[in-house]
Amino acid sequence: MSLKIGITGASGILGSELKKKIKKNLVIFKGNLTNKTDVYNWVKKNKFKTIYHFAAVVPIKEFNKNKNKSFDVNVTGTKHLVDSILKFQNNKIWFFYSSTSHVYKLNKKNVKIKETDICKPQNPYGLSKRLAEKYLIKKFTENKYKYCIGRIFSFTHKNQQKTFFIPAIIERLLGSKNKIFNKINNANHFRDFLSTKDIINAIVILERKKKVGIFNIGSGIKTHLFDIINYLGAVIKIRVKMNLGSKKTFLIANNNKLKNIGWKKKYNFLTEINEILRYKILKKNS
């Protein structure tokens, strides 16, 4: 019997992009992560060599709409998955957990964050991912199972929900009836954006080399949110007036650990911003 490859969250951005890379023996989880029986049945009836766990409640605004339910999905759901793997799969399985840069604290200075830096989640969403991380690290380490945690920094995609930063700004600008838009405040933040193609390539390399531990998946390059908003305004032909605010924050990856296993950044995330713009403009005009 051929060993299977499992994916949770296959309908999400990263899950759906990775799915395109897997040619055979793919088994998608279609149940409810918070239902222990659903998770256990899925893991029990398949012999997996790899499981990619992407399913989670994101982004922050969606998470905050129902924090109890969101914690249940992100934390309890992950616990169900980990426990079922330990119960029904042997320790040759490789498990990938899609985590987030939100487990780190925001920096006030332009300092790149290492995987070994102290975690101080900046919001409830980040806390939920960190709690899930801690549980799987403890359980898999105790039982000598292979796990890999990818702490993924910022990215965008045409299918992202409009509550994510870039789709939200595009929606607001396209919806403006004026040539001057002055309703953006506190844009004085620097984030690490990476193309989804580069993220998927990183995950593929991590799996191929069966790496164990925590890896930052980011560009290592700081991007000012102010510059992104200005770029969008220029393309849409709207003059944007922003109140930057005096408080700068930085969330930039030190990605040396990832580069040391052979990964290289190949794509420009601006390409994906342009794809979103074309998609949104066509949708608006249709």
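Summary of values
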| read-out | value |
| --- | --- |
| Out of Ala56, Ala10, sole residue that is out of contact with any Cys (no Cβ under 7 Å at 6 or more places or on another chain), open to solvent by less than 10 Å² (accessible area, probe 1.4 Å) and under 30 Å from Lys222 (Cα atoms) | Ala10 |
| Any hit, segment 74-94, residues being touching a Pro at 6+ places or on another chain (Cβ under 9 Å), closer than 21 Å to Gly150 by Cα, not in a loop (DSSP other than H, G, I, E, B) and not hydroxyl-bearing (Ser, Thr, Tyr) | no |
| Residue in segment 236-286 that is least open to solvent (accessible area, probe 1.4 Å), counting only those that are part of a helix (DSSP H, G or I) and of a type in the set (S, T, N, Q) | Asn274 |
| Residue list for segment 21-34, filter: of a type in the set (S, T, N, Q) and either open to solvent by less than 60 Å² (accessible area, probe 1.4 Å) or under 16 Å from Leu3 (Cβ atoms) (or both) | Asn25, Thr34 |
| Search result, residues across segment 187-235 that are under 25 Å from Ile170 (Cα atoms) and part of a loop (DSSP other than H, G, I, E, B) | Ala187, Asn188, Asp192, Leu194, Ser195, Gly218, Ser219, Gly220, Ile221, Lys222 |
| The one condition in (1) in contact with a helix residue (DSSP H, G or I) (Cβ under 6 Å, 6 or more places away or on another chain); (2) open to solvent by 20 Å² or more (accessible area, probe 1.4 Å) that Thr196 fails to fulfil | (2) |
| Search result, residues across segment 123-146 that are within 17 Å of the chain's Cα centre (by Cα) and open to solvent by less than 60 Å² (accessible area, probe 1.4 Å) | Asn123, Pro124, Tyr125, Gly126, Ser128, Lys129, Arg130, Ala132, Glu133 |
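The values are calculated or read from the model by the stated rules, or taken from the named source; none is laboratory data. Only a predicted model underlies this, so the values are computations on that prediction, with no experimental measurement involved. FYI the Cβ positions are ideal-geometry reconstructions off the backbone, even for glycines, and counts take in every protein chain you see. Ligands, DNA and RNA are stripped out before the accessible areas are found, and what is left, the full protein with its side chains, is counted by its heavy atoms. Shrake-Rupley method; radii C 1.70, N 1.55, O 1.52, S 1.80 Å.
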